[in-house]
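The values are calculated or read from the model by the stated rules, or taken from the named source; none is laboratory data. What you are looking at is a predicted structure, and each value in this text was computed from that prediction instead of being measured. Here Cβ is always computed from backbone atoms with ideal geometry, including for glycine, and neighbour counts include all displayed protein chains. For accessibility, only protein heavy atoms count, side chains too; no ligands or nucleic acids. Shrake-Rupley method; radii C 1.70, N 1.55, O 1.52, S 1.80 Å.
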Amino acid sequence: MDAQKFDEGSARRRRNAVIVGIIAALILAWVVYHERNFPERRAAHRFFSALKHQNIEGAYGIWFRDPDWKQHPAKYSNYTYKDFYQDWGPASEWGPIKSYSIDCSYSSNSGVIVQATVNRRAQHAYVWVDKSDKTLHFSPNEIDCGDWFGWLTE
């Protein structure tokens, strides 16, 4: 009777807009999921960057997230600067850190394990970043970053 004619062009544009919207939503969801550990990975990046620039004292401050740690060193008597220097300084098992890359991270309840490649060694460094205060610790576990599919689904 008075029905409008079917507009093929309008239907195609609507269908294409829906497809583009779904693809954009999937990409956005993947980016949000993939970057969920960004604050913790960034803390690890700052830590290894300080070590790379031979700023051991700054790295110690990043480890405890306390740039003024020298004002109250007794607060960190469980892991003193001397112990930290032995673990991460130029004479440590890692040696002077010339290069590093943050490879991947794995989130658990209260923290994130971050894997880093230091000085292009096959053995990786693992740090635990606490989600609540972004302090760093030695990781109780190691993680396997996997291949490209692991990175894609990480």
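Here are a few things to note about the model shown:
- Computed on the chain, with alpha-carbon pairs under 8 angstrom and 6+ residues apart, the relative contact order is 20 percent.
- With Cα atoms, 0 to 90° folded angle of helix 8-34 axis to the chain main axis: 10 degrees
- Structural descriptor for segment 45-134: relative contact order 21 percent, calculated from alpha carbon pairs under 8 angstrom and at least 6 residues apart.
- Pairwise FRET efficiency - R14 versus R46, Cβ, R0 = 41 Å, nearest 0.05: 0.30
- Descending semi-axes in Å of the chain, equivalent ellipsoid built from Cα gyration tensor: 48, 17, 13
- Cβ-defined net charge surrounding V20, 14 Å radius [Lys, Arg +1; Asp, Glu -1]: +4
- Which of H34, H137 is most accessible, then next, and so on - probe 1.4 Å: H137, H34
- At full extension, S107 and I23 could sit 27.6 nm farther apart than now, given 0.36 nm per residue minus the alpha carbon distance.
- Taking N as its residue count, the alpha carbon Rg of segment 1-51 over 2.2 N^0.38 Å: 2.30
- Close Lys-Lys pairs in the chain, where close means Cα under 29 Å and separation is 8 or more or interchain: 17
- D_trans [Stokes-Einstein, Kirkwood Rh over alpha-carbon pairs] for segment 10-82, 10 °C, 1.306 mPa s, µm² s⁻¹: 100 µm²/s
- Average accessible area per residue (Å²) across the chain - probe 1.4 Å, nucleic acids and ligands excluded: 66 Å²
- Between segment 76-121 and segment 21-64, the alpha-carbon center distance in angstrom: 14 Å
- Here is how the number arises for the chain: DSSP H runs of 4 or more residues each give -39500 (n - 2.57), the sum is divided by the residue count, and the result at 222 nm is -13500 deg cm²/dmol.
- Helix axis angle, 38-52 relative to the chain longest principal axis, alpha carbon, degrees: 40 degrees
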